[in-house]
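Everything below concerns the one structure shown next.
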Amino acid sequence: MAKKDKKLVLEDESCIGCGICTTVCPTNLKKEKDINFDVDTEPRAIAVSNGKAFIDYNECVACGICAKTCPGDSLTIEILA
Ligand code: SF4
Ligand code: SF4
């Protein structure tokens, strides 16, 4: 479940769909280690579809690791009031 004090935000225009964010996300990595993980049906915190990243806010914990590795600076952590 996403934390309430911060939120990961995607700038769609600059995302090149490289998928790096999906490979460094610790939430994704933890899920993928499960032997029963099904990439086609299981939600991941961040994934790429149709050439763009998308965030599942039910899974993302807003840790910001993906934002540090994105080559397009497309991801930022927004501090919520
Ligand atoms: S958000 Fe960044 S790291 Fe993720 S697919 Fe887009 S460009 Fe690549
Ligand atoms: S902020 Fe953290 S949990 Fe959310 S998609 Fe990025 S790496 Fe994954």
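Give just the number: which of (1) within 13 Å of ligand 2 (Cβ to nearest atom); (2) at pLDDT below 95; (3) not charged (D, E, K, R) does Phe37 not satisfy?
Condition not satisfied by Phe37: (1).
Select from region 31-64 the residues that are at positive phi and of a type outside the set (A, V, I, L, M) and list them in ascending order. Spell out how you get there, then give the answer.
Of the residues in region 31-64, the ones at positive phi are 50-51, 62, 64.
Selection gives Asn50, Gly51, Gly64.
Given (1) touching a residue at least 12 places away in the same chain (Cβ under 8 Å); (2) farther than 13 Å from Leu75 by Cα, identify the lone condition not met by Val39.
With respect to (1) touching a residue at least 12 places away in the same chain (Cβ under 8 Å); (2) farther than 13 Å from Leu75 by Cα, Val39 is out only on (1).
Can you confirm whether Ile20 is modelled with pLDDT of 95 or more and near ligand 2 (Cβ under 10 Å from one of its atoms)? Give the derivation first.
Numbers: modelled with pLDDT of 95 or more: yes; near ligand 2 (Cβ under 10 Å from one of its atoms): no.
No: the conditions fail for Ile20.
The values are calculated or read from the model by the stated rules, or taken from the named source; none is laboratory data. None of these values were measured; they are calculated from a predicted model. All Cβ positions, glycine included, derive from the backbone under ideal geometry; neighbour counts span all protein chains shown.
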